[in-house]
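S.K.: Quick one: this structure, given as structure tokens, is what I'll be asking you about.
Read the figures in this text as sums done on the coordinates, not as results from a lab. Here the structure is a predicted model, which is why all the values come from computation and not from measurement. Cβ: placed from backbone, ideal geometry, glycine included. Neighbour counts: every protein chain shown.
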Amino acid sequence: MIFDQTPGNVGEYHVELSAQGLDNIEKALGTNYAYPQVAADVTTKGTLTINQGEATVTLNSGDSKTYDAKQTLPSGLNLNKYNVTYDATVYSADGEAQTLKLTADDLQIVGNATNVGTYQVKLSQAGQEKLKQLTGNNGANYKWTFKTTANYIVTAATADAKLNGSNQKTFDGTAVTTAQVNSNGQILVHFTFPGSTTESTYALQDGDYIWNAGSAPVNAGTYTITLNKQSILAHLQDALKKQVNGNVTISADDLGGQASFTITPKAITDITISGSDQSKTYNGKSADLDVNGLKITANGTITNTPLVNPGITASDFTWYDAAGKRLDGVPTDAGTYQAHLNANTLVVLQKANPNYKLNISSKAKFTWDATLTIEFEDTQEGNKQVGQTITKSGVAGSTVDNLDLKLPENYELAPDQELPTSYTFGKALSQNLYIKLVHKTAIVDPTDSATNPTKDESWFKKNDLVKDVTRTINYEGLSEEQLAQISEDQKK
């Protein structure tokens, strides 16, 4: 037979008897029949109809990835994990069986395959057309049905959460609060996950963290904060849901890091280590600073947190004179001095008060008074002391303007001696003033009571100043011989 065109695609084809066909008929039927001389004499033609086939094409299998914050495109699919199956073999017009060798352009992901979820993958329109073209006739030889069981799955990523940062406050006598921890925005939990940025953070809430000190600190120092994993986990999971829409998960094992918080000492001013100005009158012993009278005061201390005295002793001070010159030891002269804390003791004092930054003035005023001893001496009796000793005290260079001295009764100043009314102290710690006296004399008349101190006539006798004297006079006359020796003129 001869076709008017080569059959292959869907359609009707005309069939004519060929010369070979005519010969074959004659041979088969024999000479009992009359046959056309040539095949062309057979005018009746047959028709070959090729009907449209049916083909169901299914895309199978699938691929997956962990969330990476990027959209997966067909070019990102693993083609080895996809295949196409047919419910019947499809052929090209020349009868050759056809299969589709997939390329990225042949596939299509339904939806934006970025977030966690399952996305359908199917043959793209280009892939369908490509397969149709393999069968010829622009694919019209088949009635096509395209199906898919293929999926692309995006699974949740795992995030890390690390606490870091630092903050500080000045000592105020109260425990650190969560608001203070967060006050400068530096102490944060930083998330690391696909697509995370510097803004992927979480601010601590009460209960989210643990102090290495066991509780919120009060005193100056640097402290460490770590995460309370069991308490904070739910908060972090909620934060991630809001930030990345559930594309990331986190567990307690993914938490770590630490932050630091420093309580700095409070700077206080006008710190003075002193007491009431001290003074001492020389008593034969060396100068000694009374540290029991010293007080440590300042402006700006916190209520219930006074400055602590670490046990300052007199040996912790160095002596200086009034001009600020350092002395080699305790003062030996009368005067006004300052006692300054030694440098080492200042360090100890700072350590004893770690909550404060001390700017210390450590001066204690000390006055070392000299002792003046005043005595009256009887020069007529070997400078014997008369009356009680009088003492005065004062610093070198100072003057007692009113000594108010009184002469002892029945004494008067010795010749060339004056009764002082004032005294200026020298440097010596022990000073003496001797006033020379003589007995006081007075002329009295026993017959004149006005000359005695009491005007009492009996005063003289009471004080043994007069006595009654009885005198007996026995007269014996001259002998004649003695009378003869006296001239007449003398006898007259």
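S.K.: Measure nothing but the geometry: give the 0 to 90° angle between the long axis through the Cα atoms of 343-352 and the longest principal axis through the Cα atoms of the chain, rounded to 10°.
M.R.: Long axis of 343-352 versus the principal axis of the chain: about 50 degrees.
S.K.: Residue by residue through region 337-342, what is 3J(HN,Hα) from phi via Karplus (6.51 cos²θ - 1.76 cosθ + 1.60, θ = phi - 60°)? Round to whole Hz and write x for glycine and proline.
M.R.: So the Karplus estimates, Gly and Pro as x, are 10, 10, 10, 9, 5, 5 Hz.
S.K.: For region 57-155, what does the relative contact order come out to in percent, with C-alpha contacts under 8 Å and a separation of six or more?
M.R.: Values: 187 pairs, mean separation 39.0, N = 99.
The normalised contact order for region 57-155 reaches 39 percent.
S.K.: What is the local net charge at residue 54, summed over the other residues whose Cβ is closer than 10 Å to its Cβ (Lys, Arg +1; Asp, Glu -1)? Could the numbers behind the result be given before it?
M.R.: Details: positive: 143; negative: 87.
Value of the local net charge: 0.
S.K.: Let me ask something else. So, counting K/R as plus one and D/E as minus one, what does the shell of residues with Cβ under 15 Å around residue 258 add up to?
M.R.: Values: positive: 162, 229; negative: 160, 208.
Computed value for this residue: 0.
S.K.: Right, something else. Given labels modelled 7 Å from the Cα in the Cβ direction, how far is it in nm from residue 170 to residue 92?
M.R.: Result: 8.9 nm between the two label points.
S.K.: Between rounded, prolate and oblate, where does the chain land on the alpha carbon gyration tensor, with a ≥ b ≥ c its root eigenvalues, rounded for a/c under 1.5, else prolate if a/b exceeds b/c?
M.R.: On the way: a/c = 11.57, a/b = 9.07, b/c = 1.28.
The shape class here is prolate.
S.K.: Between residue 70 and residue 20, what length comes free when the chain is fully extended (0.36 nm per residue of separation minus the Cα-Cα distance, one decimal in nm)?
M.R.: 11.1 nm
S.K.: Mean separation of Cα pairs under 8 Å and 6+ residues apart, divided by the residue count of the chain: what relative contact order is that in percent?
M.R.: Numbers: 932 pairs, mean separation 44.4, N = 492.
Over the chain, the number comes to 9 percent.
S.K.: State the extension gain, in nm to one decimal, for the chain segment bounded by residue 258 and residue 315, taking 0.36 nm per residue of separation less the distance between their alpha-carbons.
M.R.: Working: separation 57, 0.36 × 57 = 20.52 nm, distance 4.63 nm.
Gain on extension, residue 258 to residue 315, equals 15.9 nm.
S.K.: Nearest 10 degrees is fine. How inclined is helix 229-244 to the longest principal axis of the chain, computing both from alpha carbons?
M.R.: Roughly 50 degrees between the two axes.
S.K.: Which part of region 212-246 falls in the paramagnetic zone of residue 192, meaning amide N under 17 Å from the point 7 Å along Cα-to-beta-carbon?
M.R.: 227
S.K.: As a test, work out the antiparallel percent of DSSP beta bridges whose residues both lie in the chain, rounded to the nearest 5.
M.R.: Values: 70 of 109 bridges.
Close to 65 percent.
S.K.: If you don't mind, there's one more thing I want to ask. Residue 27 to residue 155: FRET efficiency via 1/(1 + (r/R0)^6), r the Cβ-Cβ distance, R0 51 Å, to the nearest 0.05? Don't jump to the answer; show the numbers that get you there.
M.R.: On the way: r = 74 Å, r/R0 = 1.45.
Working from the Cβ atoms, E equals 0.10.
S.K.: Going by a ≥ b ≥ c, the root eigenvalues of the Cα gyration tensor, does region 371-437 fall in the rounded group (a/c under 1.5), the prolate group (a/b larger than b/c) or the oblate group? All intermediate terms of the calculation are to be shown ahead of the outcome.
M.R.: Working: a/c = 2.25, a/b = 1.86, b/c = 1.21.
Cα axes put region 371-437 in the prolate bin.
S.K.: Provide the FRET efficiency to the nearest 0.05 for the residue 330-residue 417 pair, computing r from the beta carbons and using R0 = 41 Å.
M.R.: Details: r = 38 Å, r/R0 = 0.92.
It comes out at approximately 0.65.
S.K.: At 7 Å along Cα-to-Cβ for each site, give me the label-to-label distance between residue 462 and residue 488 in nm.
M.R.: If labels sit at residue 462 and residue 488, their model points lie 6.3 nm apart.
S.K.: Pull up the cross-link candidates among the aspartates and glutamates for residue 266, meaning alpha carbon to alpha carbon under 19 Å and not fewer than 8 places away within one chain.
M.R.: Filter leaves 172.
S.K.: Which net charge results for the neighbourhood of residue 221, defined as the other residues with beta-carbon distances under 15 angstrom from its beta-carbon, given Lys and Arg at +1 and Asp and Glu at -1?
M.R.: +3
S.K.: Next up: Any chance you could give the angle, 0 to 90 degrees and rounded to 10, that helix 125-134 forms with the longest Cα principal axis of the chain?
M.R.: Compared with the principal axis, the helix lies near 30 degrees.
S.K.: Could I have the simple spin-label model distance between residue 103 and residue 47, label points 7 Å from Cα toward Cβ, reported in nm to one decimal?
M.R.: 4.1 nm
S.K.: From the helices alone, meaning DSSP H stretches of at least four residues, give me the mean residue ellipticity at 222 nm for the chain, per-run term -39500 (n - 2.57), in deg cm²/dmol to the nearest 500. Show your work: numbers first, answer last.
M.R.: Details: 8 runs with 64 residues, N = 492.
Mean residue ellipticity, 222 nm, calculated: -3500 deg cm²/dmol.
S.K.: Ok, one more. Just to verify a number: FRET efficiency for residue 230 and residue 305, C-beta to C-beta distance, R0 = 45 Å, to 0.05? Present the calculation step by step, with values, prior to reporting the outcome.
M.R.: On the way: r = 35 Å, r/R0 = 0.78.
My answer for the efficiency is 0.80.
S.K.: What residues have an amide H closer than 5 Å to that of residue 397, excluding those fewer than 5 places away on the same chain, when H is modeled at 1.01 Å from N in the peptide plane?
M.R.: Under 5 Å from the amide H of residue 397: 425, 426.
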